[in-house]
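Reviewing the structure listed below.
Please treat every number below as a calculation from the coordinates, not as lab data. Note that the structure is a prediction, hence the values are computed from the model and not measured. Cβ placement follows ideal geometry from the backbone for every residue including glycine, while neighbour counts extend to all protein chains displayed.
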Amino acid sequence: MLTRKQFQLLQLIDQHIRTSGFAPSFEEMRAALGLRSKSGVHRLITALEERGFLRRQRHRARALEVLRLPQEPPAAAFTPTVIQGHFATRFAPNRAPAPALPHAIAAIPLYGRIAAGLPIEALRDPGTSIEVPSTLLGGGEHYALQVTGDSMIEAGIMEGDIVILRRTEEAENGQIVVALIDENEVTLKRLRKRGNSIALEPANPRHETRIFPADRVRVQGVLVALLRRYV
């Protein structure tokens with residue numbers, strides 16, 4: 001199931017490729033969708049790629065391939081009256097507003113900084129924690145790390161972001177993971193399994209993919225959510 005923005009972007013890319021032979025630029029996509037920054041486009045493209053609608057050809061500019069289109073547009077795009085009715089009820093004259101629903105908050109450990117560029121050792125500080133909405137978390141144990149560097153920028157992960165990870169030693173091909181290299185270097189990259197080798201792939205063409213024997217890399221967590229401050 002796609003969101004309305006994901007569906008609009010997929011349609012835009014498909015139509016642009018059909019008419020011009022190549023994908024629109026990130027600035028064209030940003031403007032067409034009315035987004036404030038290109039990072040929003042990065043996040044939408046990554047979501048479409050992970051859901052199997054798009055394929056990104058690495059190290060080539062504007063190289064996107066539409067693999068499939070959804071059978072139907074998102075239902076939310078055709079039900080604006082539901083939103084209008086909600087606001088009309090909430091702010092009706094002489095009627096008290098409905099009480100806000102409580103949001104469950106979970107505290108998870110914030111271990112320190114992780115490089116999204118050159119690997120660095122994670123600074124583990126079990127005494128520091130961060131509160132996040134529990135709706136961002138699934139089952140299992142979670143922890144948070146702060147990103148430094150720019151190698152995952154095309155996946156919508158910026159320097160200073162807080163990434164939320166589910167602790168695990170198993171990951172599927174293509175997932176963004178925290179990987180421990182040679183027991184002393186930790187990095188945030190997209191995991192690619194190639195036979196008996198593991199490729200740690202950046203999301204920035206200025207950074208190189210690093211390939212290791214499988215026994216030199218251990219997965220320490222899988223990305224499940226991201227937090228960002230604007231002030």
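Peptides 2-9, 134-141, 39-46: what's the order by average Cβ count within 10 Å, highest mean first?
The densest-packed peptide leads the list: 39-46, 2-9, 134-141.
Go through 30-36, 151-157, 200-206 and give me the packing order, highest mean Cβ count within 10 Å leading.
151-157, 200-206, 30-36
Run the reach check for K38 against lysines, Cα to Cα strictly under 23 Å, same-chain hits fewer than 8 apart removed. What comes back?
K5, K189
Where does the range 105-227 land on Rg(C-alpha)/(2.2 N^0.38 Å)?
0.99
Would you mind calculating the relative contact order of the range 105-227 from Cα pairs under 8 angstrom and at least 6 residues apart, reporting the percent as a whole number?
Value for the range 105-227: 26 percent.
Relative to the compact globular guide of 2.2 N^0.38 Å, what is the alpha carbon radius of gyration of the range 175-231, as a ratio?
1.22
Please give, to one decimal in nm, the separation of the simple spin-label points placed at N196 and A104, each 7 Å out from Cα toward the Cβ.
4.5
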